[in-house]
1. Could you list, in sequence order, the residues of the stretch 146-166 that are among the aliphatic types (A, V, I, L, M) and more than 18 Å from Lys108 (Cα to Cα)?
2. Mind checking whether some residue in the stretch 36-48 is touching a residue at least 60 places away in the same chain (Cβ under 8 Å) and touching a Cys at 6+ places or on another chain (Cβ under 8 Å)?
3. Given the condition surrounded by fewer than 11 Cβ atoms within 10 Å (Cβ to Cβ), at pLDDT 95 or above and not polar (S, T, N, Q), answer yes or no: does some residue in the stretch 109-124 qualify?
4. Just give me the residues in the stretch 170-196 being over 16 Å from the mean Cα position of the chain (by Cα), of a type in the set (Ser, Thr, Tyr) and open to solvent by 50 Å² or more (accessible area, probe 1.4 Å), in sequence order.
5. Anything in the stretch 58-71 that is closer than 11 Å to Leu28 by Cα and surrounded by fewer than 19 Cβ atoms within 10 Å (Cβ to Cβ)? List them, or say none.
6. Go through the stretch 1-17 and give me each residue that's in contact (Cβ under 8 Å) with a residue 12 or more places away in the chain and either in contact with a Lys or Arg (Cβ under 8 Å, 6 or more places away or on another chain) or open to solvent by 70 Å² or more (accessible area, probe 1.4 Å) (or both).
7. Only one of these is crowded, with 21+ Cβ neighbours inside 10 Å and either of a type in the set (Lys, Arg) or at pLDDT below 75 (or both): Arg129, Arg74. Name it.
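The values are calculated or read from the model by the stated rules, or taken from the named source; none is laboratory data. Everything quoted here is computed from the prediction, not taken from an experiment. Quick reminder, even Gly has a Cβ in these numbers, built from the backbone with ideal geometry, and neighbours come from all protein chains shown. In case anyone asks, the SASA skips ligands and DNA or RNA and just uses the protein heavy atoms, side chains included. Shrake-Rupley method; radii C 1.70, N 1.55, O 1.52, S 1.80 Å.
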Amino acid sequence: IQKSKYNASVIVPAYNSASTIAECLQSLLKQDYSGNYEIIVVDDGSSDNTVKTIKNFEKARLIKQRHLGPAIARNKGAKLAKGKLLVFTDSDCVAKTNWLKEMLKPFKDPTIVGVQGRYLTKQKELSARFAQLEIEDRYVRMKRHHFIDFVGSYSAAYRREIFKEFRGFDESFPMASGEDPELSYRISVAGYKLVFN
């Protein structure tokens, strides 16, 4: 049996993300996590310069598919991942340097199978700021609970064997429209432990 050299696989679905993917990948390559991890970007049939931009990052593994949606893109990345922990983020997210370390920290407890991270918006628009306030309130409520049942894929992590057992994201969702909480609900209802960090 050959053991994987990667502790974790970071999976990023990308669709027409030429304006954001470079900053996303730069941030993922600058993590202060001391373990080995790989970065997989699944291009979901982009028609802009997304693929060309990704190719500038030698350490990011590029996988291409026709435009089938983020659920299928994430699942494809997970199937080809070599890490025992699967970590998901979006192509317009910029990770702080401690993001991966914090996402993986709860897995030191062998009973934890999934982790929800957090995000802050850089947008200046008033509507984005109000949305951020609502999200921050949700994080405050999550912190009060030992376990949660909602994990958003912008900052999500799962044990690979659990993700595989539950067949990943429901591929009947053709666009980003709830496939991430749907997976976490199924896992939670089955009695597994998900946490917010």
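1. Result: Val151, single match.
2. no
3. yes
4. Residues satisfying the conditions are Ser172, Tyr185, Tyr192.
5. Lys59
6. The answer is Ser4, Lys5, Tyr6, Asn7, Ala8, Ser9, Ile11, Pro13, Tyr15.
7. Checking each option against the conditions leaves just Arg74.
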